[in-house]
Amino acid sequence: MQRKINMLLLLFSIIGGAIGFAFGEVILGGLLESWPRFIVIGLYFGVLALCIGLACLLAEMIAPRLNGSSWR
């Protein structure tokens, strides 16, 4: 069995990671002085995971190759 790479899903996950990184850095810059450090780091990774997940969901809605078209 040969594995195929879904290029749209890969591209959108990289874009989502970049957007999540940017939002996370804004959060780190703004909240690191006033909030506890472990909460800010958890929020950073949560926002990063949310952005990557939403981008992958959007890519799968555009071209449903991973789950097939019946999952919608």
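The values are calculated or read from the model by the stated rules, or taken from the named source; none is laboratory data. What you see is a predicted model; the values in this text were computed from it and never measured. Every residue, glycine as well, gets a Cβ built from its backbone with ideal geometry; the counts of neighbours run over all protein chains shown. Surface areas here come from the heavy atoms of the whole protein model, side chains and all, with no ligands, DNA or RNA. Shrake-Rupley method; radii C 1.70, N 1.55, O 1.52, S 1.80 Å.
I'd like the orientation of helix 7-31 relative to the chain: the angle between its Cα long axis and the longest Cα principal axis, in ° from 0 to 90, rounded to 10. Tilt relative to the chain: about 10 degrees. Modelled spin labels at Met61 and Ala22, positioned 7 Å past Cα toward Cβ, are 2.0 nm from each other.
Glu60 contributes about 10 Å² of solvent-accessible surface, heavy atoms of the protein only, 1.4 Å probe.
Any chance you could give the angle, 0 to 90 degrees and rounded to 10, that helix 37-62 forms with the longest Cα principal axis of the chain? Around 20 degrees separate the two axes.
Among Phe21, Phe12, Phe38, the largest mean-square fluctuation in a Gaussian network model of the chain (Cα springs under 10 Å) belongs to Phe38. Largest GNM mean-square fluctuation among Ile27, Ile19, Ile39, using the chain with Cα springs under 10 Å: Ile39. With Rg/Rh (Cα atoms, Kirkwood Rh) defined as stated, name the option among (i) 1.00; (ii) 1.16; (iii) 1.05 computed from the structure displayed. Of the listed options (i) 1.00; (ii) 1.16; (iii) 1.05, (ii) comes from this structure.
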